[in-house]
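The values are calculated or read from the model by the stated rules, or taken from the named source; none is laboratory data. Since we're looking at a predicted model, the values are computed, not measured. As a convention, Cβ positions derive from the backbone with ideal geometry for all residues, glycine included, and neighbour counts pool all protein chains shown. The accessibility values were calculated without ligands, DNA or RNA, using every heavy atom of the protein model including side chains. Shrake-Rupley method; radii C 1.70, N 1.55, O 1.52, S 1.80 Å.
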Amino acid sequence: MMKKTVVVGMSGGVDSSVAAALLQKQGYNVIGVMMNLWSESGKDSDNRCCTPDSMRLAKKVAARLDIPFYTLDVREQFYRQIVTYFIEGYQQGITPNPCIQCNRFIRWGALLEFALSLGADYFATGHYARNILDQQGVYHLHCARDINKDQSYVLHILTQADLARTLFPLGELTKAEVRQLASDFQLPVAHRPESQDLCFLGGEDYRSFLVRHLENPPSPGPIIDTRGKTLGQHRGLAFYTIGQRKGLGVSVGKPIYVIDKDVANNTLIVGSKEETRKKNFIVTRINWIQGAPPARELELAVKVRYLAPFLEARLKVLDGGSCLVELSQPYWDITPGQAAVFYQAEECLGGGMIQQVRS
């Protein structure tokens, strides 16, 4: 039988490098592709996804494995669909998640399309997740075996068509095992440290980035408590996130947190940590991995941030496709603009954007 061809999205990091090596060992024809993403002028070496050093390491890994290596220039598309989304989100008073947007439009958009244009059968990444095909021909996205590294949260945007073309070679491995494999394969990235920063920020505080890129500088406005008492003045709503405690510039003799942002009145609302805890919120723009919700109402688990725990909840599908999520217990830091991702046991059912937090 002819070997299947897989294009691996490479970054110069240990995970994507080991993914390429494993697939080659499994008998695939492997092609490495690295994206050239947008960076601010003069800051090309700060973008952690495609610094010159990352590119050099990815090329060294490809040479070590003796596989073809390409670069794909997606700078213009990345700026238009990811950076602009990030900037406009904060301008509108939400806290956007550009990594999820990048997976939707760049990795499983431009990069997957490029892979198919090369005649590849599959596209693979170094994400920690499992793609399982059942006997009825339906694909299921499951959490990684290493739950501490699981990345199904940022992959909830995948469809059946995406999963039919996608391989996750690291899904059954722990991070320690991946590190060991990198050493066993003698890859030059075996001990490279990880970074959790947004790639185009380069470790910089997002507020400094916004100052340079917002068309209209954020306007100062009042900070009030939940009883309407004015406590001080904020520097601009874009500089604050739900649940934020530090840097508020006001003191009331006890810790206070950002509870809400009233964009219409340019007002920042703060209160006690207990007042940040909410139970009900609306989710829109939902992608169901199997194409539709399993039921109009169901009990499930939900994550409201990448590093948040699984929360017990009841979901009700509303007219128009949005959902009302009712948590069994209040949880703090539920933030408009972030993703709510739904699970049953180890399976990721899909998810969408938190639009409104009710109570």
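Kindly write out, for segment 175-189 in residue order, the coupling ³J(HN,Hα) from the Karplus curve 6.51 cos²θ - 1.76 cosθ + 1.60 (θ = phi - 60°), rounded to whole Hz, with x marking Gly and Pro.
4, 4, 5, 5, 4, 5, 5, 4, 5, 4, 7, 6, 8, x, 10
Considering every pair of different Cα atoms, what Kirkwood radius, in Å, is found for segment 128-177?
11.1
Give a residue-ordered list of calculated ³J(HN,Hα) values for segment 12-22 (Karplus: 6.51 cos²θ - 1.76 cosθ + 1.60, θ = phi - 60°; whole Hz; x for Gly, Pro).
Going residue by residue, I get x, x, 5, 5, 5, 5, 5, 4, 5, 5, 5 Hz, with x marking Gly and Pro.
For segment 127-247, take the convex hull of the Cα atoms, compute a quarter of its surface area, and give me that in nm², please.
Averaging across all directions leaves 13.0 nm² for the Cα convex hull.
Tabulate in residue order the Karplus-calculated ³J(HN,Hα) for segment 64-74, using 6.51 cos²θ - 1.76 cosθ + 1.60 with θ = phi - 60°, rounded to whole Hz; enter x for Gly and Pro.
4, 8, 6, 10, x, 9, 10, 10, 10, 7, 10
Given the chain, what percent of its DSSP beta bridges are antiparallel, to the nearest 5?
70
At a Förster distance of 25 Å, what's the computed FRET efficiency of Gln135 paired with Arg64, Cβ-Cβ distance as r, to 0.05?
The calculated FRET efficiency here is 0.05.
When ligands, DNA and RNA are left out and all protein chains stay put, how many square angstrom of accessible area per residue does the chain have with a 1.4 Å probe?
Accessible area per residue, the chain: 47 Å².
Would you mind getting me the FRET efficiency between Phe310 and Arg277? Use the beta-carbon distance for r and R0 = 22 Å, nearest 0.05.
So the FRET efficiency works out to roughly 0.85.
On a straight-distance basis, which aspartates and glutamates could pair with Lys25 in a cross-link, Cα separation under 20 angstrom, same-chain partners fewer than 8 positions away excluded?
Asp15, Asp66, Asp121, Glu172, Glu177, Asp184
How much net charge surrounds Arg130 when only the other residues with a Cβ under 13 Å from the Cβ of Arg130 are counted, with Lys and Arg +1 and Asp and Glu -1?
Local net charge: -4.
What FRET efficiency comes out for the pair Ser41/Gln186, r = Cβ-Cβ distance, R0 = 30 Å, nearest 0.05?
Efficiency computed from Cβ-Cβ geometry: 0.20.
Using modelled amide H (1.01 Å from N, peptide plane; none on Pro or chain starts), what sits under 5 Å from the amide H of Thr71, excluding residues fewer than 5 places away?
Under 5 Å from the amide H of Thr71: Met34.
Roughly what % of DSSP beta bridges within segment 149-270 run antiparallel, to the nearest 5?
75
Given the convex hull of the Cα atoms of the chain, what is a quarter of its surface area in nm²?
19.5
Roughly to the nearest percent, how much of the accessible area of the chain is carbon and sulfur, given a 1.4 Å probe?
For the chain, the apolar C and S fraction of the accessible surface comes to 48 percent.
Testing the spin-label approximation: label points 7 Å from Cα along Cα→Cβ at Glu299 and Leu118. State their distance in nm.
Inter-label distance under the simple model: 4.7 nm.
Give the whole-number value, in cubic angstrom per residue, of the convex hull volume spanned by the C-alpha atoms of segment 261-325.
133
Just list whichever of Lys175/Lys303; Lys60/Lys175; Lys149/Lys261; Lys254/Lys278; Lys149/Lys246 have alpha carbons separated by over 30 Å in the model shown.
Correct reply: Lys149/Lys261.
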